[in-house]
1. Here are some residues: B:99, B:106. Which one is surrounded by fewer than 24 Cβ atoms within 10 Å (Cβ to Cβ) and within 25 Å of residue A:367 (Cα to Cα)?
2. Which of the residues spanning the range A:407-418 are surrounded by fewer than 14 Cβ atoms within 10 Å (Cβ to Cβ) and either in a strand (DSSP E or B) or touching a strand residue (DSSP E or B) at 6+ places or on another chain (Cβ under 7 Å) (or both)?
3. Tell me, yes or no, whether the range A:234-242 has at least one residue that is modelled with pLDDT under 90, crowded, with 24+ Cβ neighbours inside 10 Å and assigned to a helix (DSSP H, G or I).
4. Could you tell me whether the range B:304-324 includes any residue that is surrounded by fewer than 21 Cβ atoms within 10 Å (Cβ to Cβ) and within 14 Å of chain A (Cβ to nearest Cβ)?
5. Looking at the structure I just gave you, is residue B:294 away from chain A (no Cβ under 14 Å), surrounded by fewer than 24 Cβ atoms within 10 Å (Cβ to Cβ) and either without any contact (Cβ under 8 Å) to a residue 40 or more places away in the chain or farther than 30 Å from residue B:250 by Cβ (or both)?
6. Any residue at all in the range B:78-94 that is out of contact with any strand residue (DSSP E or B) (no Cβ under 8 Å at 6 or more places or on another chain) and at pLDDT below 90?
7. Give the residue that is farthest from residue A:164 (Cα to Cα), with candidates limited to residues of the range B:360-391 that are in contact (Cβ under 8 Å) with a residue 40 or more places away in the chain and under 28 Å from the mean Cα position of the chain (by Cα).
8. Give me the pairs: first residue in the range B:345-359 and within 8 Å of another protein chain (Cβ to nearest Cβ), second residue in a helix (DSSP H, G or I), beta-carbon distance under 7 Å, and six or more apart or on different chains, which are they?
């Protein structure tokens with residue numbers, strides 16, 4: 001299977017080459033050809049299959065095709081969450097955030113009736129962002145319809161929208177679909193939900209964890225979507241995580257907020273931060289395990305570690321489905337004076353178009369890593385810098401190592417999973433950021449995304 | 001296995017297609033050579049011809065093929081500047097700047113013997129960046145050879161290197177070429193010099209201005225190279241500007257420094273800041289015009305305006321030769337609270353891969369402009385934002401305009417010169433930044449630049 005994928009990826013690269021060459025020849029038809037309308041091939045970095053997710057007691061899912069924008073596929077998901085559940089969330093810090101994001105933030109910040117239960121409704125195909133007063137009206141229409149159908153107060157219905165920015169949301173299509181969604185609710189419907197929220201994603205993303213706690217097991221399961229405009233800032237793309245743990249909203253929010261920096265805020269596909277990033281975490285309290293009440297307890301630590309692993313897994317899957325990605329790359333910065341500096345350097349390397357195109361071309365052009373470190377704005381000393389690919393040190397103390405081997409460096413670049421190491425030699429702070437390469441396919445996808 | 005064979009056969013067919021298309025693209029050698037080695041087609045945004053540059057009295061140029069990296073083309077230029085000339089410079093703020101940049105900065109900051117004259121030597125093909133102590137030794141070898149050959153003190157010989165980062169500079173090839181360069185010095189050799197400093201540039205860049213001053217004319221002429229790793233920060237790529245004005249180094253530096261923000265610091269091709277950016281401005285004082293001694297005088301203002309126009313012209317040419325560029329785009333931000341905020345927003349839009357790929361695809365996806373404004377970190381209010389393409393307002397007050405026309409917006413995108421307007425509606429500060437689109441060719445060029 002790996003071999004087959006590799007061959008298919010090669011075919012895609014050759015096809016892109018043919019397109020590029022045809023473009024150069026001035027073959028108008030070829031240049032304008034709807035490459036982007038060809039079926040989106042599955043990322044070569046995709047996991048073999050969608051994981052088997054545990055049922056989270058107290059949560060049920062459904063999905064349907066409401067025709068928001070796409071034809072012939074599901075595009076709306078609903079999650080119903082049982083009474084008593086606690087909910088936490090993190091959202092984009094964009095100054096132009098979407099109406100649904102503002103609505104979620106307001107609802108989580110207000111007085112909350114946890115006893116009533118809750119729901120999440122998400123559509124793909126239209127982001128309902130930069131849609132003015134009409135945007136909030138659409139959110140109200142959709143969340144009210146769900147609240148009425150499920151007998152919930154409107155302030156416990158959260159909504160997200162993902163897709164094109166600036167076009168009014170045809171919310172009546174979603175409202176019409178609500179009764180069908182309610183009827184179809186199913187505790188095992190999480191994979192269908194993961195598929196309904198995809199836009200340019202080439203595979204649905206899911207992850208789970210189980211904690212053996214005192215009194216019984218605690219389960220966590222989550223889904224996410226990517227795949228472009230991925231440079232989360234204090235938030236993420238669309239992610240929904242559910243657990244049967246018993247835990248207050250306050251503790252849940254605290255854990256979520258502090259785990260987001262190393263997970264979703266540590267990935268970037270294209271340096272573009274979305275208007276719609278949202279991560280909602282719901283805890284139903286249905287596990288027989290004892291309530292988590294103290295952050296310093298073993299139970300809390302175990303739960304937070306499991307939550308982190310689910311978040312990290314989903315974040316990595318988003319990178320693996322980065323638009324056009326053929327390489328999964330960790331940029332591992334160490335020896336910084338502060339974590340903020342390490343983060344700056346890692347992001348500068350991970351977002352550098354020159355580094356990303358060299359990765360795509362399997363060119364061991366580590367000089368571009370040096371340039372990216374230099375432009376990052378973080379404290380760096382050229383003569384203390386060490387650059388490595390995997391375990392291979394390529395440069396240190398401001399120059400190439402004496403036994404530098406172009407062959408070995410080039411051979412390393414052929415791999416599908418790469419680690420670029422940057423040690424600043426200044427302190428003890430470290431940070432890893434995860435990214436992918438920049439290929440022709442990214443341009444194919446984005447030069448004509450809307451049509 | 002049958003499936004595998006079928007895929008391999010497909011790869012073979014695609015390879016044959018690639019070969020055939022390459023053959024059609026021109027020279028027979030190209031058929032066998034990798035795509036990136038095919039002749040770099042001239043940017044569609046290139047000026048019709050290299051401009052006729054005036055002779056700057058007191059400066060002579062030469063160029064030669066020293067074989068630093070490229071074969072069959074010139075790759076080293078020398079400029080000799082007459083005794084009495086004053087010199088100013090601005091350089092990259094990269095923390096990993098090249099040895100030659102550090103050397104220029106040290107020489108300009110030290111005690112200077114203006115009576116002795118000066119020289120500039122530049123090579124392409126190797127950046128002599130991140131080359132440790134060997135890097136400074138190479139700079140010393142090259143500048144000493146020039147100083148000896150021209151009878152100059154070494155502290156008045158400035159050098160630049162541009163090309164691959166991290167490989168030792170074969171400086172002996174440049175040293176060997178010095179006597180040939182000195183013999184060939186010619187007051188009319190500026191175009192040859194502009195050609196010798198090109199790397200992935202597809203056309204040489206020159207610009208000039210003439211000021212009718214009291215006592216006689218003052219001339220300014222300059223050359224520059226781009227074309228990738230272009231996101232200057234308080235400096236620029238490689239730019240050399242010469243004038244016969246009589247003006248102190250202090251005044252010259254003051255004018256240069258304050259004009260760089262709106263010119264070279266206002267362009268970006270790919271958000272990557274070089275290790276080697278350098279702009280050197282030399283004034284020979286050979287014009288019969290009176291010395292410029294007061295920044296507030298008409299003579300100073302006229303000269304500074306002319307200098308700005310030459311800098312702006314060269315900066316725009318660098319964008320027009322941005323790797324793979326097919327569109328020249330001004331991002332014009334107004335209504336900001338501060339110029340710094342306007343700059344942040346303009347750069348966020350100009351560097352957004354999603355905006356740049358939409359430009360390449362001629363897709364009027366203005367929602368991506370909104371998202372870029374949102375992520376910029378500058379103060380912005382969604383509900384006061386106005387987005388326009390050329391004279392056409394697409395969105396204002398947080399939503400699409402009622403009479404929005406997709407046809408009109410799409411028609412505008414077909415143009416080669418585009419203006420994206422963003423009015424923040426918050427204040428009076430404005431800033432324009434110049435950029436190009438992100439096309440397949442950028443990836444072709446950069447996925448395999450070193451080989």
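1. Answer to the check: B:106.
2. Within the range A:407-418, just A:417 meets the criteria.
3. So far as the range A:234-242 goes, no, none of its residues is modelled with pLDDT under 90, crowded, with 24+ Cβ neighbours inside 10 Å and assigned to a helix (DSSP H, G or I).
4. Taking every residue of the range B:304-324 in turn, none turns out to be surrounded by fewer than 21 Cβ atoms within 10 Å (Cβ to Cβ) and within 14 Å of chain A (Cβ to nearest Cβ).
5. The answer is yes for residue B:294.
6. Checking the range B:78-94: at least one residue is out of contact with any strand residue (DSSP E or B) (no Cβ under 8 Å at 6 or more places or on another chain) and at pLDDT below 90.
7. So, considering only residues that are in contact (Cβ under 8 Å) with a residue 40 or more places away in the chain and under 28 Å from the mean Cα position of the chain (by Cα), the one farthest from residue A:164 (Cα to Cα) is B:378.
8. B:352/B:368; B:352/B:372; B:354/A:446; B:354/B:368; B:357/A:443; B:357/A:446; B:358/A:446; B:358/B:368
The values are calculated or read from the model by the stated rules, or taken from the named source; none is laboratory data. Computed from a predicted model, the values in this text were never measured in an experiment. All Cβ positions, glycine included, derive from the backbone under ideal geometry; neighbour counts span all protein chains shown.
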